Amino acid sequence: MERITYCLIFLVALLISVGLLRGVDHLLAKQVIARDAAILTDKFEHLIKTSAAELNELPEITFDSFVCSTEVEAQLKRAVFDASFIRWIGVTKGLNIYCESNEIIRELHDVKHHQISETYSLGILESESDQHLELVLIRNMGDIFYAASILPLEPSYFVPMSCEKCLEYRLSFDSSPFLTFGYESFDGDYYVSEAVNLTTDYFDATFELSGNREFYEQYTYFSWWIVLIIASILAAWVSYIARLWFNHSQSVHSQIIQGIKRSEFIPFYQPIVDSRSQKVIGAEVLMRWQRQDGSLMPPNQFIPYAEANGLIVDMTKVLLAHVFNDVKQLAVTREPLFFSVNIVPEHLDNDDLYQLLKGVVESGELKQHRISLEITERHPISDLVAARKMLDKFYAIGIDLKLDDAGTGYGGFSYVQNLGISTLKIDKMFVDTIGHQDNFNAKTIEAIISFAQKSNLNIIAEGVESHEQVAYLSEHGVYSIQGYVFSKPLSFDDFCAGYSH
Ligand code: C2E
Ligand code: CA
Ligand code: CA
């Protein structure tokens, strides 16, 4: 079973890793393609600008006075020879050619034009022989034109390319494709496309670079083999970590279960003192894990796990057995004390805890002392009505409920209203703000105290560390103090030694 689980984890991790690696690769490739599209766009702009400047060098002509003399032909030839990107120049009007630099040109067919400036337009010219599309730059002089056939922009001159017939670019004005350039034929399907906006002094256009899968793959870093190898390593690592984590939590789990069997969860008692009389009036029962080697583990190292994994109820039973045993030993002459035990909502799901406490209360073994319950505001109670029903049973046998960590969770007001709370425990977080009056929390402590007083609730201040805090609290009518200012949580023997008189 375990094997199947790890195989599944491995497979899922493998699939996710492959997906991620391919995704990253795709993103990187797209970025590089976008960069190349930008380079080509720049080159294209340069090509048009240079050619326009070269056409501008030719003399201004008019249709009526134009004669295609040998000098004019020679002039056109020279212009083509000197130009960087022009391979043919013709003097044209409509579809007629009146003079040309060299006679390699096909007849002019219906030419698509796009005006790019006052005197210039771009045109597409189709040669009849090979259906090849050519870009022409046209200088307009009113009734006659210079038309220059521009060399196609050759991507492989500017960007690294090792594939053939794998790329195509399109130039669009106003979003309709104007010029498409490919390698005669484009092989396969489009796989990637990157569009760059081309804004020049002359015109605005969109330059779009598209490639097939072969083109895309020359931009990717990882071949399938590499992806598989890296993904397998990642997946193996993830399943290894999962195994470690599982073994660890298994061992925490089984150690806690062992601890329950061996009754290793013992109580420490933190005195709660009346600051007026300086007398102990009760104690909070705080769990410690006494390991076999004699060490004591603090609750933050195991309670969160126990609460999350349904172990806390049994641990509380172990703890309570110790508490009953301890309380039995207290002298009868002692002032009556309460012992506040931390519970979680799960304790109210059935009446196990109630039956246990009822048995002890009715046995009279606790003498004049009593047990009290504490529930934290931080844990949600899903069914307040059912919880209240259960709590009423506790109240009937003299066990009350305190609201722990008041003001820090979300239960607050509704818990007080619905659960029959007797006491609010003000959290250390608010007590810490005493003396810092400008702080927002400082206002909150006043609000909590006044809320409790108006609701006729008792108040215990928790985490009180200084006499200044004690003084502030007593000025505000709070006298029940729990905190290091009086005592840290103590073993039962120390508790008795310090406070048994
Ligand atoms: P908590 O219920 O809020 O308990 C008060 C914590 O504040 C205790 O920590 C206590 O030692 C500490 N404390 C009290 N006064 C002062 C002070 O003046 N200064 C400082 N710095 N700390 C102070 P502890 O014993 O480590 O317990 C931590 C938490 O573990 C408890 O917080 C409670 O949430 C949980 N816990 C302890 N025992 C049990 C238990 O039996 N059952 C459950 N469900 N949770 C428990
Ligand atoms: Ca508590
Ligand atoms: Ca608390």
Exercise. Looking at ILE381, is it over 38 Å from the mean Cα position of the chain (by Cα) and among the β-branched types (Val, Ile, Thr)?
Worked result: no
Exercise. Can you tell me which residues in the stretch 1-23 are within 18 Å of LEU228 (Cα to Cα) and open to solvent by 70 Å² or more (accessible area, probe 1.4 Å)?
Worked result: CYS7, LEU8, LEU11, VAL12, LEU15, ILE16, LEU20
For this session: State which residue is modelled with the lowest pLDDT when the search covers only the stretch 410-446 and only residues that are within 36 Å of the chain's Cα centre (by Cα), away from ligand 2 (no atom under 16 Å from the Cβ) and of a type in the set (Gly, Ala, Ser).
Result: ALA442
Seminar exercise, completed: For helices (runs of 4 or more DSSP H) lying entirely in the stretch 382-477, having 2 or more residues that are open to solvent by 40 Å² or more (accessible area, probe 1.4 Å), assigned by TED's automatic domain parsing to the domain that holds LEU356 and within 16 Å of ligand 1 (Cβ to nearest atom) picks out 428-431, 467-475
For this session: For the stretch 354-399, enumerate the residues that are under 16 Å from VAL323 (Cβ atoms) and either within 16 Å of ligand 2 (Cβ to nearest atom) or among the acidic types (Asp, Glu) (or both).
Result: GLU365, ILE371, SER372, LEU373, GLU374, ILE399
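I'd like to check something: does the stretch 74-84 contain any residue that is open to solvent by less than 70 Å² (accessible area, probe 1.4 Å) and aromatic (Phe, Trp, Tyr)?
Scanning the stretch 74-84 turns up no residue that is open to solvent by less than 70 Å² (accessible area, probe 1.4 Å) and aromatic (Phe, Trp, Tyr).
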For this session: Select the strands (runs of 3 or more DSSP E) contained entirely in the stretch 91-132, then report the ones holding at least 3 residues which are modelled with pLDDT of 80 or more.
Result: 96-100, 120-126
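The values are calculated or read from the model by the stated rules, or taken from the named source; none is laboratory data. Note that this is a predicted model, so its numbers are computed, not measured. Heads up, the Cβs are rebuilt from the backbone with ideal geometry, glycines too, and the neighbour counts pull from every protein chain shown. These area figures cover heavy atoms from the full protein model, side chains too; ligands, DNA and RNA do not enter into them. Shrake-Rupley method; radii C 1.70, N 1.55, O 1.52, S 1.80 Å.
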